[in-house]
1. Starting from the Cα of T208, step 7 Å toward the Cβ, then list every residue of region 111-135 with an amide N under 17 Å from that point.
2. For every helix of n ≥ 4 consecutive DSSP H residues, a contribution of -39,500 (n - 2.57) applies; sum these over the chain, divide by its total residues, and give [θ] at 222 nm rounded to the nearest 500 deg cm²/dmol.
3. With +1 on each Lys and Arg Cβ and -1 on each Asp and Glu Cβ, and nothing else charged, work out how big the dipole of the chain is about its Cα centre, in Debye to the nearest 20.
4. State the label only: which of (i) 57, 44, 36; (ii) 59, 40, 32; (iii) 43, 42, 36 corresponds to Cα extents along the principal axes in Å computed from the shown model?
5. Using a Förster distance of 35 angstrom, determine the FRET efficiency expected from the C-beta separation of A76 and R226, and round it to 0.05.
6. With a cut-off of 8 Å between alpha carbons and a minimum separation of six or more residues, what is the relative contact order of the chain in percent?
7. Considering only F66, N30, V117, whose Cα is most displaced toward the positive end of the charge dipole of region 29-187, charges sitting on Cβ of Lys, Arg (+1) and Asp, Glu (-1)?
8. What FRET efficiency comes out for the pair F66/E141, r = Cβ-Cβ distance, R0 = 41 Å, nearest 0.05?
Amino acid sequence: MLKSYAVTDIGRRRQLNQDFIYLSETPVGNLPNLFIVADGMGGHKAGDYASRYAVETVVEEIGASFEKNPIRIMGAAIGKANALIRRQAQENIAYSGMGTTMVAATCIGKYLEVANVGDSRLYVVGDGIEQITEDHSLVAEMVRMGGIDRTAARNHPDKNIITRAIGARDYIDADFFSREMKPGELVLLCSDGLTNMVEDEDIRKILTGAGSLKDRVEKLVETANRNGGKDNISVIVIEPLADEVEHD
């Protein structure tokens, strides 16, 4: 039996929450469950519109899809969201330049299927913490090329410049990942408002620490805010194989 909990929070510095989250533990179309975090960008209110509109479009497209392959289902839905956001941005000057990151996941039996555009992340947390997605950002590209290390990347002035987003170009190139899950492992989807404020190892300690799933998710958000809360913070945590773990 899968369990999940989610929080989205405006943070300490922003006037508006441009993140949008979605979770369904029950089937959406041919997917047995669906979890999404999107972090919008754009001028006044355009970012929050982009994230919400993209997520609603993806959910609607997935719900209507006759496809069976989860990667094809999510890929087609993200493509449709990209096309519609591009059109809205061209038709309405207020939405010009808007876009959004998106990380989406579904748990099918023991397998986790993930789609990603931008720098919102998905981690698997157990004995360690493993970032499954790769950030589509200027600084992440520099790290991959060996130009800077991960420590320097955390404080780099250009760390918010992303290289891929839904709505940025006519063609969208999402990444897809599959991962076999082990009993006791947790899945974390989050916006960069969490990962810019809380170190990976501290995230792992909180998620594997005491308390209910709700307590641990809320502690992550509280920690991000206590460390500065410079951005909106969105967190979804899933326990995919909850019934296969013996709890004390």
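What follows draws every value from the coordinates through simple rules; no lab data is involved. None of these values were measured; they are calculated from a predicted model. Cβ: placed from backbone, ideal geometry, glycine included. Neighbour counts: every protein chain shown.
1. 123-132
2. Working: 7 runs with 79 residues, N = 248.
So the helix-based figure for the chain works out to -9500 deg cm²/dmol.
3. 660
4. (i)
5. Values: r = 41 Å, r/R0 = 1.16.
Calculated transfer efficiency: 0.30.
6. It rounds to 27 percent for the chain.
7. F66
8. Numbers: r = 37 Å, r/R0 = 0.89.
About 0.65, to the nearest 0.05.
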